[in-house]
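**Student:** The structure's right below; bear with me while I get my questions together.
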Amino acid sequence: QVGNALILTKPLGIGIITTGIKRDRVSPETIEKATQVMTSLNRAASEAMREVGVHAATDVTGFGLLGHLHEMTAASRVGAMVTLSRVPVLSEAWELVREGIVPGGTLSNHRFIQKFAIYDSAISEEAQRVLCDAQTSGGLLMSVPRERKDRLLARLREVGIPEAAEIGEVVEDRQGSI
């Protein structure tokens, strides 16, 4: 619903990092962090979401953040605004994407979302690709009434999800643009 806050529970970059792993371009520390993200269940986040009450939610997997967000906005006949600086991203993913290490699924997602995404001129193509990165075992994306946002974020932290972040908001746009 218009005015809702958008909350993401896990960082992006898994697809880019797993492609980097296949190319032997990722540090052991990043492999460990990516593995931890992928093996963390969404159960606690789901329970917190139900406890606090959200209007809509989806997992963020193969279609990437913007692909899954577009599914939500199009179905609800609203738009969304995402603030890149608020989106949690595994840090090594930025270096890899600058080097052109990007999975094919992410590139396909990026091409698809161009019909629905309006990027600020300051958003690089690399950043756009991170926002479209195909995730394996990604987090949950939740649309929560603004008055419940702080309670949801606090609850997510209480149940062990420290990287949960408010990444944007739902806006008026009957076309489902992001």
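**Student:** Residues of the range 69-81 being surrounded by fewer than 21 Cβ atoms within 10 Å (Cβ to Cβ) and either among the acidic types (Asp, Glu) or under 16 Å from the mean Cα position of the chain (by Cα) (or both), which ones?
**Tutor:** GLU71, MET81, listed by residue number.
**Student:** Same structure, new question: What are the pairs with Cβ atoms under 8 angstrom where one residue, in the range 15-41, is farther than 19 Å from ARG129 by Cβ and touching a residue at least 24 places away in the same chain (Cβ under 8 Å) and the other, located anywhere, is part of a helix (DSSP H, G or I) and charged (D, E, K, R)? Sequence gap at least six, or different chains.
**Tutor:** From the range 15-41, the pairs are SER27/GLU92.
**Student:** Further, regarding this structure: Just wondering, is there one or more residues in the range 121-142 that are open to solvent by 70 Å² or more (accessible area, probe 1.4 Å), free of Cβ contacts under 8 Å to residues at least 12 places away in the same chain and hydrophobic (A, V, I, L, M, F, W, C)?
**Tutor:** Yes: one or more hits.
**Student:** So, one more: Would it be correct to say that GLU99 is more than 19 Å from THR9 (Cβ to Cβ), in contact (Cβ under 8 Å) with a residue 60 or more places away in the chain and either in contact with a strand residue (DSSP E or B) (Cβ under 9 Å, 6 or more places away or on another chain) or open to solvent by less than 40 Å² (accessible area, probe 1.4 Å) (or both)?
**Tutor:** Judged against the criteria, GLU99 is not a match.
**Student:** Would you pick out the residues in the range 1-46 that are open to solvent by less than 30 Å² (accessible area, probe 1.4 Å), over 22 Å from PHE63 (Cβ atoms) and of a type in the set (S, T, N, Q)?
**Tutor:** THR30, the sole residue that qualifies.
**Student:** Taking GLY53, is it within 21 Å of LYS149 (Cβ to Cβ), surrounded by fewer than 23 Cβ atoms within 10 Å (Cβ to Cβ), touching an Asp or Glu at 6+ places or on another chain (Cβ under 7 Å) and of a type in the set (Gly, Ala, Ser)?
**Tutor:** For GLY53, the condition - within 21 Å of LYS149 (Cβ to Cβ), surrounded by fewer than 23 Cβ atoms within 10 Å (Cβ to Cβ), touching an Asp or Glu at 6+ places or on another chain (Cβ under 7 Å) and of a type in the set (Gly, Ala, Ser) - is not met.
**Student:** Collect the residues in the range 119-178 that are β-branched (Val, Ile, Thr), within 20 Å of SER76 (Cα to Cα) and touching a helix residue (DSSP H, G or I) at 6+ places or on another chain (Cβ under 7 Å), keeping them in residue-number order.
**Tutor:** Taking the range 119-178 first, the residues β-branched (Val, Ile, Thr) are 123, 130, 136, 144, 159, 161, 167, 170-171, 178.
Pick out the ones that are also within 20 Å of SER76 (Cα to Cα) and you get 144, 167, 170-171, 178.
If the condition is that a residue be β-branched (Val, Ile, Thr), within 20 Å of SER76 (Cα to Cα) and touching a helix residue (DSSP H, G or I) at 6+ places or on another chain (Cβ under 7 Å), then VAL144, ILE167, ILE178 are the ones that fit.
**Student:** Still on this structure: Which one is surrounded by the fewest Cβ atoms within 10 Å (Cβ to Cβ), of the residues in the range 152-167 that are of a type in the set (D, E, K, R) and part of a helix (DSSP H, G or I)?
**Tutor:** Restricting to residues being of a type in the set (D, E, K, R) and part of a helix (DSSP H, G or I), the top hit is GLU158.
The values are calculated or read from the model by the stated rules, or taken from the named source; none is laboratory data. These numbers were taken from a predicted model, which means no experiment stands behind them. Counting neighbours? That spans all protein chains shown, and the Cβs are built from the backbone with ideal geometry, glycine included. Heavy atoms of the whole protein, side chains included, go into the accessibility calculation; ligands, DNA and RNA do not. Shrake-Rupley method; radii C 1.70, N 1.55, O 1.52, S 1.80 Å.
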